[in-house]
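All remarks here apply to the structure that follows.
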Amino acid sequence: MLRAVFENKEEIGKLDYEDNEQEIVVYFTKVELERVPKEFFYNRTPVYQDRIETYAVSARRQDYVDVLNYAVSEDARKRIFVASGTVCFENIHLPQEAVK
């Protein structure tokens, strides 16, 4: 199994995870983001959905870590955790091939 990982390490190293992560966005209300540090909101423009102010949070690590660590809402933490786990599924064949 380790041999397969080492054989694929160059291909794995070429993957650009940041580009893939930008596509996944979850919207939260200010209430759902209660206790998230105020710095989190500095460069974010509110998005209004049905007259409700929401904030877009991407599945990129620098975005979702604050929600996971500080948000009081268990539902908000769960939603961003699930979204972050769906990143890069087009590359799933690499680890699957390694464990064959």
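Remarks
- The stretch 40-54 residues near the modelled V25 label - backbone nitrogen below 12 Å, point 7 Å along Cα→Cβ: 44-49, 54
- Label-point separation in nm, T86 to R51, each point 7 Å along Cα→Cβ: 2.9
Rule-based calculations on the coordinates, nothing more; no lab input. Fair warning: this is a prediction, and the values are worked out from it, not measured in the lab. Glycine also receives a Cβ, built like all others from the backbone with ideal geometry; neighbour counts cover every protein chain displayed.
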